[in-house]
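Peer 1: First the structure, then my questions, so here it is.
The values are calculated or read from the model by the stated rules, or taken from the named source; none is laboratory data. What you are looking at is a predicted structure, and each value in this text was computed from that prediction instead of being measured. As a convention, Cβ positions derive from the backbone with ideal geometry for all residues, glycine included, and neighbour counts pool all protein chains shown. To get the accessible areas, we keep the full protein, side chains included, count just its heavy atoms, and leave off ligands, DNA and RNA. Shrake-Rupley method; radii C 1.70, N 1.55, O 1.52, S 1.80 Å.
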Amino acid sequence: MNALTKIAAAFAVAGAFATSAIAAPITYVVDASHTFPNFSYSHMGLSTQLSKFKNTQGKVVLDKEAKTASVDITIDMKGVETGFTSFNEHIQGADFLDTAQFPTATFKSTKVNFEGDKPASIEGNLTIKGVTKPVTLTVNHFVNTAHPMMKKDAIGANASTVIKRSEFNAGKYAPGVGDEVTITVALEAIAQ
């Protein structure tokens, strides 16, 4: 009976370690070839212009069991793509992105809110041109599954927020050129 008790205890301890290993947070590295923050704004009321940033790095840490997560993203502001080469250069000037002085923008989460098993919103600090403001990204799509080609655990998400560019010292020509900018992020990340 004593031997049986020891064996049962050993299985219980082994099971506890296995459960904690499964429930551990997982770090996902941003897949730069499939992660593109884009931004849109009203151009003098004539149209909504859409541009993107081509170079993004970062990581997401997700603990599915605890329903917690963190997001840390860095955007290369020199990788802006407006669709027009001379405007790519113009928008990097001091009146707008000022990439000579501020080559990157960052987003660091402070809280991720879950609905059920999925993140619904991400609160955090957005820094553009050295100005940091709190923003909340609304997550409108999230999936966590095995990557079909890489055969590794992966996450994908789409999230958006609205900022005022004037609050980040980039408000030239507002309100003629819209002050409100919608930022939408399409993100994919692969488990390390």
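Peer 1: Considering only residues that are in contact with a Ser or Thr (Cβ under 6 Å, 6 or more places away or on another chain), hydrophobic (A, V, I, L, M, F, W, C) and buried (at least 19 other Cβ atoms within 10 Å of the Cβ), look in segment 162-192 and name the one that is nearest to His141 (Cα to Cα).
Peer 2: If we take residues in segment 162-192 being in contact with a Ser or Thr (Cβ under 6 Å, 6 or more places away or on another chain), hydrophobic (A, V, I, L, M, F, W, C) and buried (at least 19 other Cβ atoms within 10 Å of the Cβ), then Leu187 is nearest to His141 (Cα to Cα).
Peer 1: Something else: Those residues that are in contact with a helix residue (DSSP H, G or I) (Cβ under 6 Å, 6 or more places away or on another chain) and open to solvent by 50 Å² or more (accessible area, probe 1.4 Å), I need them from segment 30-56; list them, please.
Peer 2: Of everything in segment 30-56, those that are in contact with a helix residue (DSSP H, G or I) (Cβ under 6 Å, 6 or more places away or on another chain) and open to solvent by 50 Å² or more (accessible area, probe 1.4 Å) turn out to be Lys54, Asn55.
Peer 1: Still on this model: In segment 92-115, what residues are more than 20 Å from the chain's Cα centre (by Cα) and over 19 Å from Val162 (Cβ atoms)? Can you show your working first?
Peer 2: To start, the set of residues in segment 92-115 that are more than 20 Å from the chain's Cα centre (by Cα) comprises 92-96, 98-101.
Hits for segment 92-115 are Gln92, Gly93, Ala94, Asp95, Asp98, Thr99, Ala100, Gln101.
Conditions tested, residue by residue: (1) polar (S, T, N, Q); (2) outside any strand (DSSP E or B); (3) on the phi > 0 side of the Ramachandran plot.
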position	(1), (2), (3)
Lys151	no, yes, yes
Ala157	no, no, no
Gly171	no, yes, no
Val181	no, no, no
Thr184	yes, no, no
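Peer 1: Would it be correct to say that Val13 is modelled with pLDDT of 95 or more and either within 17 Å of the chain's Cα centre (by Cα) or loosely packed, with under 11 Cβ neighbours inside 10 Å (or both)?
Peer 2: In short, no.
Peer 1: If you don't mind, there's one more thing I want to ask. Does segment 151-165 contain any residue that is free of Cβ contacts under 8 Å to residues at least 24 places away in the same chain and under 21 Å from Val61 (Cα atoms)? Show your work before the answer.
Peer 2: If we filter segment 151-165 for residues that are free of Cβ contacts under 8 Å to residues at least 24 places away in the same chain, which is where we start, we get 151, 162, 164.
Of the ones still in play, those that are also under 21 Å from Val61 (Cα atoms) are 151.
Looking for residues that are free of Cβ contacts under 8 Å to residues at least 24 places away in the same chain and under 21 Å from Val61 (Cα atoms), one finds at least one in segment 151-165, hence yes.
Peer 1: I've got another one for you. Restricting to segment 23-74, give me the number of residues that are closer than 16 Å to Asn88 by Cβ and of a type in the set (A, V, I, L, M, F, W, C).
Peer 2: 4
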